[in-house]
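J.: To start, I am sharing the structure in question, which I have written as structure tokens.
Throughout, read-outs are computed from the coordinates displayed, never taken from laboratory work. Everything numeric here is computed off the predicted structure, so don't read it as measured data. Neighbour counts are summed over all protein chains in view; Cβ atoms, including those assigned to glycine, are modelled from backbone coordinates with ideal geometry.
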Amino acid sequence: MTEQQLREQMVTLARSMFERGYATGGAGNLSLKLPNGHFLATPTGSSFGRLNAERLSVVDIDGIHISGDRPSKEVAFHLAIYRNNHECNAIVHLHSTYLTALSCMEGLDTDNAIKPFTPYFVMRIGKLPVIPYLRPGDPRIAEELAKRAADYRAFLLANHGPVVTGSDLIDAVDNAEELEETAKLALMLDGKPIRYLSKEEITDLQGRGK
């Protein structure tokens, strides 16, 4: 896809998420890798429902602002993931309702916040590690994500929300939506007996198509 097509795709997908309640106000941010090696990102404080394709931010791998409106301060942790996972070409960061609620719960397994109970969680996400709480914009978020970037497709920032990767922006959005639905189901089922997937069933699903 051309840069212009990628810009228009970002605006379209962001508006779709906004209209369906995955993002509110100016919360969350998106980024993707451009054909020239730079990165397209949502501007600081921008609403997913009101993005302008021509005003999207462009930065380089070092975070230098090249064009468009000023990027979100959180673009730094996006870049940390790109530097450490070369298969990642797009990132979705949301403050979506169910995943943010999950991120605020005590006693989460920090290696995997959602014990697998659907095949789609395993095939699209695999595991969901929890990043310890750090204030939004803290540079240590990038450091924590960089340590884990090569091994996971998604992360849960404690008391904050999810960070989800993909092979392109459509893939990242699909992964984020599947993860949000899994968190919704997990909270709906909280306190109820759940049939979790067995180790054999999880192994069977790993490496299969999404």
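J.: Over 5 Å intervals from 0, what percent of Cα-Cα pairs in the stretch 127-210 sits in each interval?
T.: Binned Cα distances yield the sequence 3, 12, 17, 22, 22, 14, 7, 3, 0.
J.: How would you rank HIS93, HIS65, going from fewest to most other Cβ atoms within 10 Å of each one's own Cβ?
T.: Exposure proxy ranking, most exposed first: HIS65, HIS93.
J.: If you average the C-alpha positions of the stretch 19-73 and of the stretch 77-116 separately, how far apart do those two centres end up, in angstrom?
T.: Answer, in whole Å: 18.
J.: Taking a cut-off of 30 Å, what percent of all Cα-Cα pairs in the chain are separated by more than that?
T.: Here the tail beyond 30 Å accounts for 18 percent of pairs.
J.: Shifting gears a bit: In angstroms, what radius of gyration and Dmax does the stretch 90-165 have, counting Cα atoms only?
T.: Reported Rg and Dmax, both Å: 11.6, 34.
J.: With charges set only on the Cβ (+1 for Lys and Arg, -1 for Asp and Glu), what does the dipole of the chain come to about its Cα centre, in debye to the nearest 20?
T.: Once rounded to the nearest 20, the dipole reads 200 debye.
J.: With each pseudo-label sitting 7 Å past Cα toward Cβ, what's the GLU181-ASN52 distance in nm, one decimal?
T.: 3.5 nm
J.: While we're looking at this one, here's another question. In the chain, how many lysine pairs have Cα atoms under 24 Å apart, counting only pairs 8 or more places apart or on different chains?
T.: Lysine pairs satisfying the spacing and distance rule in the chain number 20.
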